[in-house]
Amino acid sequence: MLSPEQIKLFLEKLVDLPKTAVLLGASTGLRVGEILGLKWEDVDFETLELRVTRDVVKQRIERCKTEASRKPVPIGAEVAEILFAWRSRCAYNQPADWVFASPAKKGKQPYWPSSIYRVYLKPVLENDLKITDPVGWHTLRHSLGTLMKANGEDVKTIQETRRHANFKVTMDVYTQAVTEVKRSAHNRVVRQIMGGGTHGEEE
């Protein structure tokens, strides 16, 4: 997993599309296919929620398979601000456009996850974070689940945030011990990785 400090540095070294994609992965725990399957019409800036209905697998658009996977995903205000800023700058910003539309495909398809990783993420991981161990998109999802557990979140909260179908998946996967000061809310993790919170804050 990545520590909050590593995620924060990771985000500081990225801009625009890769920064927004990594922030979504780190703060929501969405799978990379779900991130790339988002369209702007799926982002509700008023209720601060994402409607996750699609999964992109090898550029095939699939419907999310389980009821748990299709539940709305909350986003923090800081995350919404960065999403909104990306929408204002990107070339494809209409409701039916992909959030991470590929210019090479003239916006008709989202980026390939391997392309974003190879061009933007891998150089930062190796050169700035000095991480040579394998780190992939799923590392972000796994890191958030583990941090939430370390922060004292109850299993039900972690399960619903990660959209697991049952408790067993949650507990089998997120059992690593992390020596972080406890926090009790999803937004606390967001502020933690973005550098806006303090270790001693209470809800």
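No lab work stands behind these numbers, since they all come straight from the coordinates. Just so it is clear, the model here is predicted, and its values are computed rather than measured. Positions of Cβ are generated from backbone atoms using ideal geometry, with glycine treated the same way; all protein chains shown enter the neighbour counts.
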(request) Please tell me which of these pairs span more than 24 angstrom C-alpha to C-alpha: LYS39/LYS130; LYS13/LYS130; LYS13/LYS105; LYS8/LYS108; LYS19/LYS39? (result) LYS39/LYS130; LYS13/LYS105; LYS8/LYS108
(request) Please report, to two decimal places, log10 I(q)/I(0) for the range 20-60 at q = 0.14, 0.23 Å⁻¹ as given by the Debye formula with identical point scatterers on the Cα atoms and no solvent. (result) -0.29, -0.76
(message) Quick check: pseudo-label points 7 Å beyond the Cα along Cα→Cβ at ARG118 and ARG60, how many nm apart are they?
(response) 2.2 nm
(request) Bin width 10 Å, alpha-carbon pairs only: give the P(r) of the range 1-113 as whole percents, running from 0 to the bin holding the largest distance. (result) 14, 49, 33, 4
(request) For ALA104 paired with LYS130, estimate the spin-label separation in nm (one decimal), with each label point 7 Å from Cα along the Cα-to-Cβ line. (result) 3.3 nm
